[in-house]
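Everything on this sheet refers to the single structure shown next.
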Amino acid sequence: MKTTIKILALLFITISFTACSKDEDGFETTTGIENTVTINGLESEILALVNIHRESLGLTRVSVLTPAYSEASGHTDYMISQGKISHDNFNERSRKLMTTASAKIILENVGAGYNTAESLMKAWLNSELHRKNIEDPSVQFMGVSAKQNTNGSNFYTQIFIGR
């Protein structure tokens with residue numbers, strides 16, 4: 001219980017220090033140096049948890065980047081249409097991001113079925129490859145997409161960018 005309270009307090013503090021404002025539709029807008037992206041509450045929680053984890057390791061925070069978010073969102077839609085998680089067309093997403101975001105490094109995590117940002121992050125951090133992507137010191141930006149299919153199952157795509 002004490003651990004949960006500490007995590008929630010840390011999450012609240014982290015979210016409080018990012019530039020966020022609620023729109024009428026209940027979504028949050030996160031403003032970065034180069035862009036403005038509207039992300040939903042679950043996406044915002046994932047971003048906060050990634051940054052809490054990175055900071056606990058002495059790594060820099062990542063911020064949302066519009067092209068990475070757009071590619072993540074499109075891939076989440078694709079996975080929902082296919083009914084499964086995949087890294088299909090990753091090379092195509094990478095080529096686009098090299099052009100639109102001047103990306104030199106592109107890393108991707110996907111997932112499905114997790115109901116909370118905490119459970120998703122726990123699964124990613126328990127997977128060596130997913131954790132390496134989250135902890136890569138060469139990345140500065142992230143796009144994260146969380147959407148539900150018609151059955152109410154969540155699908156996720158997380159794309160990291162390094163320049």
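Worth a mention:
- Every residue from the range 112-136 that is outside any helix (DSSP H, G or I) and either acidic (Asp, Glu) or on the phi < 0 side of the Ramachandran plot (or both): ALA112, TYR114, ASN115, THR116, ASN126, SER127, GLU135, ASP136
- Residue within the range 107-116 that is open to solvent by less than 40 Å² (accessible area, probe 1.4 Å), touching a strand residue (DSSP E or B) at 6+ places or on another chain (Cβ under 9 Å) and small (Gly, Ala, Ser) present: yes
- Considering the range 142-163, and only residues there that are open to solvent by 30 Å² or more (accessible area, probe 1.4 Å) and in contact with a Phe, Trp or Tyr (Cβ under 7 Å, 6 or more places away or on another chain), the residue that is nearest to HIS53 (Cα to Cα) turns out to be LYS147.
- One residue from LEU49, LEU57 being surrounded by fewer than 11 Cβ atoms within 10 Å (Cβ to Cβ), modelled with pLDDT of 50 or more, in contact with an Asp or Glu (Cβ under 9 Å, 6 or more places away or on another chain) and farther than 25 Å from LYS96 by Cβ: LEU57
- In the range 111-133, the residues that are more than 15 Å from ILE85 (Cα to Cα) and among the basic types (Lys, Arg) form Cβ pairs under 9 Å with partners that are assigned to a helix (DSSP H, G or I) and open to solvent by less than 30 Å² (accessible area, probe 1.4 Å), at six or more places apart or across chains, as follows: ARG131/TRP124.
- Only one of SER73, SER153 that is in contact with a Gly (Cβ under 8 Å, 6 or more places away or on another chain), touching a residue at least 60 places away in the same chain (Cβ under 8 Å) and small (Gly, Ala, Ser): SER73
Okay, residues lined up against (1) at pLDDT below 95; (2) more than 16 Å from the chain's Cα centre (by Cα); (3) among the basic types (Lys, Arg):
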position: ILE85; (1), (2), (3): no, no, no
position: ARG93; (1), (2), (3): no, no, yes
position: ASN109; (1), (2), (3): no, no, no
position: GLU118; (1), (2), (3): no, no, no
position: MET121; (1), (2), (3): no, no, no
position: PHE141; (1), (2), (3): no, no, no
position: ASN151; (1), (2), (3): no, yes, no
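- Of all the residues in the range 44-61, those that are assigned to a loop (DSSP other than H, G, I, E, B) and without any contact (Cβ under 8 Å) to a residue 24 or more places away in the chain number 2.
- Condition check for VAL64: under 14 Å from the mean Cα position of the chain (by Cα), open to solvent by less than 80 Å² (accessible area, probe 1.4 Å) and closer than 13 Å to VAL50 by Cα: yes
- Breaking point among (1) open to solvent by 60 Å² or more (accessible area, probe 1.4 Å); (2) over 17 Å from LYS147 (Cα atoms); (3) free of Cβ contacts under 8 Å to residues at least 40 places away in the same chain, for LYS104: (3)
The values are calculated or read from the model by the stated rules, or taken from the named source; none is laboratory data. Everything numeric here is computed off the predicted structure, so don't read it as measured data. Don't worry about glycine lacking a Cβ; one is built from the backbone with ideal geometry, like all the others, and counts go over all protein chains shown. For accessibility, only protein heavy atoms count, side chains too; no ligands or nucleic acids. Shrake-Rupley method; radii C 1.70, N 1.55, O 1.52, S 1.80 Å.
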